[in-house]
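The next block holds one structure in the form of structure tokens; read it before the comments.
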Ligand SMILES: *Cc1c(COP(=O)(O)O)cnc(C)c1O
């Protein structure tokens with residue numbers, strides 16, 4: 001038999017339907033199991049010792065292995081009590097879109113076909129959602145790390161003579177960019193990958209609310225100009241990864257305009273707050289950015305992976321990335337028509353149909369309901385912050401601007417940093433909740449990012465109770481839970 005299609009479509013179809021049913025059951029019942037459980041050694045070894053298969057394995061066997069050894073040991077981000085890092089929860093609708101996209105097996109690098117029009121629609125919707133002009137260009141990518149990188153390269157090639165950098169490299173130009181010291185690590189990595197070097201990214205101090213200090217920014221740009229460097233970019237973050245703080249975006253937009261700098265916004269998760277009438281005002285100024293990076297897989301709940309970059313000025317993204325290659329020639333009709341292609345807007349040529357799950361997510365729920373999820377998550381975060389402040393043995397470590405709460409357990413005795421680190425690991429292993437760790441003003445902090453549409457106040461209450469129980473076990477005495 002030629003090719004790889006199944007010999008027996010009927011049995012494959014039956015198995016496929018079973019997979020679909022069982023996965024939907026699993027998503028539906030996600031809250032009833034542990035958030036996370038450690039992978040037993042034998043399961044880990046199954047993967048580490050498996051040899052490359054030379055012969056066929058029945059799909060049924062593989063599915064059995066998936067159900068037994070993969071499904072129970074996932075990260076847990078679909079669970080309402082997953083609060084670590086910034087992980088979206090996913091949706092059943094998004095999952096079904098992935099199924100359809102995989103069935104179609106489209107390549108969105110370019111050419112003239114309907115999936116390309118879906119991505120163009122989604123990019124146009126993204127622009128409308130964030131207050132960018134309809135003429136903005138953009139592309140769906142893996143995540144905000146790649147989106148920020150694409151924006152940085154676009155910005156560096158938009159400086160005077162910047163397009164020459166594509167041929168000559170950056171040698172001789174001393175381009176410098178500015179971001180608050182609370183910016184995500186991918187900004188620094190973008191400078192690294194772009195060949196500008198991480199030193200070319202100047203980290204600006206922040207104020208008591210973890211927002212970029214504009215005075216310091218002004219002084220740093222002036223000093224660099226005086227030293228003969230070429231400031232070209234300022235990055236504002238809408239929702240910093242540690243505390244969810246929002247840089248003064250309006251002031252940054254004014255400053256960038258006055259100084260002829262490219263104003264980029266990293267809105268990885270925070271940009272979605274524009275859909276919430278309660279939180280949109282806090283993002284004022286974001287819509288004035290030259291470019292923005294954000295994720296659909298975080299607060300918008302699309303399944304991984306789905307990041308997005310938008311560039312305001314038409315033509316600049318293609319000027320930074322497009323090539324002219326004989327084997328990718330653009331024609332006036334036939335499959336090779338439809339220029340510009342998405343491969344002109346970033347480093348990827350072959351690209352999957354991420355746009356389908358983004359389309360289904362935005363359309364199935366609508367921006368009002370997605371904005372409602374943002375408001376709900378922020379309300380849960382406020383509730384958690386209030387509970388922390390009302391508990392004498394807990395300490396709130398940062399103001400709660402959006403959906404992230406940084407706090408820690410206080411004890412009179414011992415190393416509080418070590419205690420809090422151990423407690424977070426205890427909590428993970430309990431299966432009850434998964435917050436993560438960070439450091440705030442030098443102190444080890446327990447960090448709960450409420451980003452999952454399934455999380456309600458009862459979930460953070462449960463997390464706190466479990467945390468205090470575990471803390472009492474470790475310190476060996478009762479902790480004060482209510483103010484005297
Ligand atoms: C998550 C995050 C990133 C990185 O995005 P990925 O999608 O993980 O690549 C960048 N910036 C901020 C503020 C983030 O929260």
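Working from Cα pairs under 8 Å separated by at least six residues, relative contact order for the chain is 21 percent. Counting Cα-Cα pairs of the range 99-364 in 10 Å increments starting at 0 gives whole-percent bin shares of 7, 31, 35, 20, 6, 1. Across every pair of non-identical alpha carbons in the range 288-383, the mean reciprocal distance, once inverted, gives a Kirkwood radius of 16.1 Å.
Stretching residue 47 away from residue 411 to a fully extended chain increases their span by 126.8 nm, per 0.36 nm per residue minus the current alpha-carbon distance. Each residue in 298, 478 was given a count of other beta-carbon atoms within 10 angstrom of its own, and listing them fewest first yields 478, 298.
Computed from the C-beta positions of residue 368 and residue 193 and an R0 of 25 Å, the FRET efficiency is 0.10 to the nearest 0.05.
Taking the helices alone, the chain has a mean residue ellipticity at 222 nm of -13000 deg cm²/dmol, built from -39,500 (n - 2.57) per DSSP H run of at least 4 residues and averaged over all its residues. Sorted into 10 angstrom bins from 0, the C-alpha pair distances of the range 30-165 split as 8, 22, 29, 24, 13, 3 percent. Going by a ≥ b ≥ c, the root eigenvalues of the Cα gyration tensor, does the range 202-344 fall in the rounded group (a/c under 1.5), the prolate group (a/b larger than b/c) or the oblate group? The shape class here is oblate. Between residue 418 and residue 349, the distance separating the two model label sites (each 7 Å from Cα on the Cα→Cβ line) works out to 5.5 nm. Between residue 439 and residue 39, the contour length at 0.36 nm per residue exceeds the Cα-Cα span by 141.2 nm. Note on residue 92 and residue 475: their simple-model spin labels are 4.4 nm apart, each label 7 Å out from Cα toward Cβ. The calculated pair-distance distribution of the range 11-108 uses every alpha carbon pair, bins of 5 angstrom beginning at 0, and gives 2, 10, 16, 20, 19, 18, 11, 3, 0 percent. Convex hull volume per residue, computed on the Cα atoms of the range 377-458, equals 92 Å³. Scaled against the 2.2 N^0.38 Å expected of a compact globular protein of N residues, the Cα radius of gyration of the range 174-223 reads 1.14. Each label point was placed 7 Å from the Cα along the Cα-to-Cβ direction; for residue 104 and residue 215 their separation is 5.4 nm.
Size descriptors for the chain: radius of gyration and Dmax over Cα atoms are 24.3, 78 Å.
Read-outs: derived from the displayed coordinates by stated rules, not from any lab. Bear in mind the structure is a predicted one, so any value in this text is a computation, not a measurement. Please note: Cβ atoms are built from the backbone with ideal geometry, for glycine as well, and neighbour counts cover all protein chains shown.
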